[in-house]
1. From the helices alone, meaning DSSP H stretches of at least four residues, give me the mean residue ellipticity at 222 nm for the chain, per-run term -39500 (n - 2.57), in deg cm²/dmol to the nearest 500.
2. Taking 0.36 nm per residue of sequence separation and subtracting the Cα-Cα distance, how much length would be gained by fully extending the chain between Ile61 and Lys302, in nm to one decimal?
3. When DSSP assigns beta bridges and you keep just the ones with both residues in segment 93-286, what percent turn out antiparallel, to the nearest 5?
4. Give, to the nearest whole percent, the P(r) tail of the chain beyond 32 angstrom, counting all Cα pairs.
5. Of the peptides 479-488, 549-558, how do they stack up when ordered by the mean number of other Cβ atoms within 10 Å, highest first?
6. Taking Rh as the Kirkwood radius, which is the inverse of the mean 1/r over Cα pairs, what is the Rg/Rh value for segment 93-286?
7. Take the alpha-carbon positions of segment 572-652, form their convex hull, and give its projected area averaged over all directions (one quarter of the hull surface) in nm².
8. Given a Förster distance of 41 angstrom, what is the FRET efficiency for Asp156 paired with Arg593, based on the Cβ-Cβ distance and rounded to 0.05?
Amino acid sequence: MRDPFLWRKEGEYGLELDLDSSSSIRHEVLYEEDISSIADTAMRVGDPIPRRRFFLVQLTIGFLIALLVVRAGWIQVWEYDSHLARAEGNRLRTEILPARRGLIRDRNGVILAENTPSFDVLLLRRFLPLDPAEMGEVLGALGREIGMSIEDVQHDLDDADINEDHVLIQRDIPYEQAISIQILASTYPAIDVVVGHKRKYAYSNEFISLSHILGYVGLVNPKELAEHRAEGYRQVDGIGKTGIESSNESTLRGTPGARIFEVDSKHQITATVEERLPIDGEDLYLTLDFQLQKMAEESLKKVLANRNVKRGVAIALDPRDGSILAVVSLPAYDNNFFSGQVSSTEYARLIQDESHPLLPRAWAGTYPSGSTIKPVVAVAALEEGIVTPKTSVFSVGGIQIGPWFFPDWKAGGHGMTNVRFAIAWSVNTFFYYVGGGYQDFVGLGVDRLTSWFRAFGFGAQTGLDVPGELSGFVPSQQWKLETKGEGWFIGDTYNLSIGQGDLLVTPLQIARMTAEVANGGYAVTPHFVKSTGCGEQEAECLADGAQGDRIASELSVATVRQGMRETVVYGSGRALAGFPVPVSGKTGTAQWRADRENHAWFTAFAPFNDPEIVVTVLIEEGEEGSVTAVPVARDILWEWLRIRNQKETEAE
């Protein structure tokens, strides 16, 4: 017989005991509490997990697995290159092989800029320890060896571009010190000494005027690094800052190479993995003649010393194609100063010098032209039909306009004056007439006058192949009204006609204008670079300049050329009258301040019939061009003639 003993929760949990009344086994009574305990155990073991809870558990596990898969994929696929580079960076070490910077030579092959070995101290970020104490040990050891405090080394490290692995700490250390630091680097892999090159300017310590032409190479600054990083520049690299070094950086620099080593856990080299040889920069040949450059500097220095003045310019160029043969701007500086460790004290001295030795006055100094502008006024008057070669004006010492008197430099005047005589003796009265007109004589007027100034290149850069050239300034009616709030007066035109007033020119612009008159009226572009990769033969290095468009007619220019010849024959430049080849020229005296002496100008070309050279000289506060500027030009012409005759003799 089977009787139910107990049911709970309406049959949800059941426990049935079968008691056999005929059995001799003793039956114990199960109390309700015992049965309840058995029922709970049955529920925990046998009842399934609720579906919602089971689904959430599965979803969580699936999400975690997916996250791990995605992360693994991200690391192994998307970040593969980064992790590979990091791993390779621990295994490989790269040594940059700098390219030899191209040499700079004069037109005859004389080396003006070369390279010498340089030892630089670097810190390699990837080998610097992360622990501050260990980091301090590395920086302290390096600082003691090179004479710097830990703070200074840390400052250089912090100031460097964070993306740069190679951080320059000190440049151009002595060889003995480089050996000591290389030994130190065997203990501290983060320290390195690299052998590079620094620029050496062969003659700049003696002939400092070369500094403005050649410029110098210095470390890239943060701005330059950002601009040129794609070209492979690093924080430890040099770059041309000024002059030829800057304008021809891509030609001179070359392409660095690299040597890749495999290193062990102690950073010891175990094998060479790859080597890419550097490609050297190209040598550069300039149009300069070093012998002529030396003479120009020596002569200018002598005249400046005799006059007790400090500033001056001398230029020699070929009027046939604009090739610059010599340029001297004084004062100047030794550009070797910038090729190694730069002394902050010396740099401050250069910057604070009132004579501005860093300024290349030949193309970045602006001055009133004085009478050197008169050949352009004469060409303009002839071209516009204001005068003919036979037109004469009577000079009585100046002209009177109402209460204003515009004087000539000679009291009482020069009498009857035509265009050639006016150029030869620099007769102001003639140029007052043709520039602004007088009484019933109609002159050019300001608009036509300034238009011809611009035709000869004034008010614009010449196109010189070095940076920093200024444009000078050609005034206009609109400019005066907008700037000074005044109208344009006839007196402004008169002043402009003789190179005074607001007109500003560079010495190089005057030299170019002279070349354009000398060559018959064709535009030229002054330039320094002759060629690259020429080898040893000058014949392979033909000048790349050439004559441009015709500016004025042959007849007008020929008349002005004749006037410049007469300047030397019997006029204000007759100190050159006895020169072995016929010279033509124009003197000038430029007022610039009432309390200071006038600037002295002289510009010339030779030989008269077939010009090969133009010489332009400016002596700041030199008073009369015929007195101070002409002697410098004479010395330069004598040296040019000596070189010319020597080459002709050698050719025979």
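Rule-based calculations on the coordinates, nothing more; no lab input. None of these values were measured; they are calculated from a predicted model. Neighbour counts are summed over all protein chains in view; Cβ atoms, including those assigned to glycine, are modelled from backbone coordinates with ideal geometry.
1. On the way: 22 runs with 241 residues, N = 652.
-11000 deg cm²/dmol, from helical runs alone.
2. Numbers: separation 241, 0.36 × 241 = 86.76 nm, distance 9.30 nm.
Additional length available on full extension: 77.5 nm.
3. Details: 33 of 35 bridges.
Around 95 percent antiparallel, to the nearest 5.
4. Details: 133003 of 212226 pairs.
Percentage above 32 Å: 63.
5. On the way: 479-488: 12.0, 549-558: 16.0.
Output ranking for 479-488, 549-558: 549-558, 479-488.
6. Values: Rg = 18.1 Å, Rh = 18.1 Å.
Here Rg/Rh amounts to 1.00.
7. Details: hull surface 21.5 nm².
Value for segment 572-652: 5.4 nm².
8. Details: r = 46 Å, r/R0 = 1.13.
Efficiency computed from Cβ-Cβ geometry: 0.30.
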